[in-house]
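Peer 1: Before anything else, here's the structure in question.
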Amino acid sequence: MSEQIGNIVESARPAPELDSRSGLPRRDNFYQDIPAVLERIRAKGGTFVLLVIDVIGLEFVLRTFGPQERDNVVRDIGHRIRETAGADSLSYHITQGRFALVLPEFGYAHALEQANELVAALDRPFEVAGVSYHLKAFTGISQFPNHASTLSELVRTAVFACHQARKQLIPCAAFDKELDEWERYRFRLMTDLEMALKRGEDIELAYQPVVDLATGRCEGMEGLCRWTHSELGAIAPNHFLPYVEQTPLMMPLTEATISIGLRNLSVWSSAGFSGSLAINLSTSVFRHPDLIDRLLQQLRFYNIRAERLHFEITETGIMEHPERAVSLLTEIRKQGSRISVDDFGTGHSSLAYLADLPIDTIKIDRHFVQNISCPWGEAIISATATLADKLGLKTVAEGIEDEAQYRKCLELGINYGQGYYIARPMPEDDFRVWIDSRDGNRPGSD
Ligand code: G
Ligand code: MN
């Protein structure tokens, strides 16, 4: 350790109060010591790395063996960190399973080496109640001044990196600015969506027809949620829908979607359209106790029979909580609405379950339809058509993009089709024009 760094490290250690369990200085000491270290390094135009270490498994030790054994393990962790870290760094015990290492004058490569050594040291088994037990350690690196210039930002970015390491199951990750911006963008979208839903603005549906493959008649349409942000413009559905599903906003968004869809359907019905409307239902709303009541309320409000409102639920969604899904879907069908399994073939549903599920239709994922000219694609679609037929279910081929796919789906016994070849998802006005252009959909014309 150079003399200068030695001074920095020594002056940062005003006899720290050691954490009683790990033998390392605590969180408070970290926030007392490090600002001075940071300022000195800044003044010198130097660099340093903050390494955050998360140790996973202490909760299990507590649950299984009690607090005494957990504290013994924490003591051993502290010991291993001290041993591995070396004299030219500062180690702290921040929270139960989180530790921090400040590495003055370390470059990225050196810090990575140190992180890997730490993870290796913590990967060795610990002795818990006379048996050997493995914990798992992950580390995150943030470097001053490249990644952050203040202590608060350093902590945030190192914790962010550590979270990435945990998610990717890798020993160490460095802060990734792009990922951080993406996460902030997503967070902003969620906040703005909440406002948009409160104002009842900016959400619209695009409608994509579903046709009977044999007759070409439009049986109905899928209503797809579209969001036009007041500043950012159209937001791609995959930029918000998967994230909304993880928040309580999914219920208000679903309600808004159903309400817009039914409002349009009632207008088109007055003009003679008799098809159905399919809405995607995320299983994250299944927990809502009054889901069914609210559905019924909306149907009454728009004076639409339940049979004309279909719900699409992904195979993966159903399989997450099969019992809950079955009871809710049964209830929805009892009210008269129909259920389709969306993206069929991409999840991991058991075929045995398929026979018992309260469903009406299988929507074959577009991946198979787009590979229908390959022997495997044809085999899967043909087998699904046969299976559905035997189970008394209807089939929809999703993502039909050309005439050959259309014909092949029909030949293999698929009932309905949806996809760009038939029509793209359209704003309400365009859908109305599309419907009007198809005589088969006028009442009394078939
Ligand atoms: O999973 P779900 O079936 O709900 O997805 C519908 C999505 O598929 C919509 O966003 C729609 O734009 C897209 N889509 C619809 N038809 C086609 C198609 O023919 N090809 C492709 N690639 N995407 C399609
Ligand atoms: Mn769908």
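We did not get these values from a lab; they are worked out from the coordinates using the rules stated. Just so it is clear, the model here is predicted, and its values are computed rather than measured. Neighbour counts are summed over all protein chains in view; Cβ atoms, including those assigned to glycine, are modelled from backbone coordinates with ideal geometry.
Peer 1: Mind checking which residues of region 113-148 are of a type in the set (K, R) and part of a loop (DSSP other than H, G, I, E, B)?
Peer 2: Passing the criteria: only R124.
Peer 1: Just checking, how many residues over region 268-293 are buried (at least 17 other Cβ atoms within 10 Å of the Cβ), more than 16 Å from ligand 1 (Cβ to nearest atom) and part of a helix (DSSP H, G or I)?
Peer 2: 3
Peer 1: Hey, can you tell me all the residues within region 201-210 that are crowded, with 16+ Cβ neighbours inside 10 Å and more than 12 Å from ligand 1 (Cβ to nearest atom)?
Peer 2: D202, I203, E204
Peer 1: Step by step: first the residues of region 77-91, then only those that are under 22 Å from A36 (Cβ atoms) and in contact with an Asp or Glu (Cβ under 8 Å, 6 or more places away or on another chain), then the one that is surrounded by the most Cβ atoms within 10 Å (Cβ to Cβ). Which residue is that?
Peer 2: It comes out as L90.
Peer 1: Here's another thing I want to ask about it. With the requirement that a residue be more than 20 Å from N238 (Cα to Cα) and β-branched (V, I, T), what does region 268-317 give you? Even if it seems obvious, please write down each step before you answer.
Peer 2: If we filter region 268-317 for residues that are more than 20 Å from N238 (Cα to Cα), which is where we start, we get 268-277, 286-310.
I292, I304 - these are the residues of region 268-317 that are more than 20 Å from N238 (Cα to Cα) and β-branched (V, I, T).
Peer 1: Among what's in region 205-264 and is small (G, A, S) and within 13 Å of ligand 2 (Cβ to nearest atom), pick the residue that is nearest to G417 (Cα to Cα).
Peer 2: Checked region 205-264; the qualifying residue nearest to G417 (Cα to Cα) is G220.
Residue by residue, here is whether (1) among the polar types (S, T, N, Q); (2) assigned to a strand (DSSP E or B); (3) on the phi > 0 side of the Ramachandran plot; (4) surrounded by 15 or more Cβ atoms within 10 Å (Cβ to Cβ) holds:
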position	(1), (2), (3), (4)
R156	no, no, no, yes
A173	no, yes, no, yes
R184	no, no, no, no
G216	no, no, yes, no
E219	no, yes, no, yes
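Peer 1: Take the residues of region 373-395 that are touching a Ser or Thr at 6+ places or on another chain (Cβ under 6 Å) and under 12 Å from L213 (Cβ atoms): which is surrounded by the most Cβ atoms within 10 Å (Cβ to Cβ)?
Peer 2: Selected residue: A385.
Peer 1: While we're here: If we only count strands (runs of 3 or more DSSP E) wholly inside region 302-378, which ones have 1 or more residues that are more than 26 Å from R287 (Cβ to Cβ), under 28 Å from the mean Cα position of the chain (by Cα) and within 16 Å of ligand 1 (Cβ to nearest atom)? Please lay out each step first, then the result.
Peer 2: Details: elements: 309-314, 338-344, 361-364.
Ranges flagged: 361-364.
Peer 1: Mind checking which pairs have a first residue in region 362-377 that is over 11 Å from A404 (Cα atoms) and a second that is of a type in the set (K, R) and surrounded by 21 or more Cβ atoms within 10 Å (Cβ to Cβ), Cβ under 7 Å, 6 or more apart or different chains?
Peer 2: Qualifying pairs under 7 Å: none.
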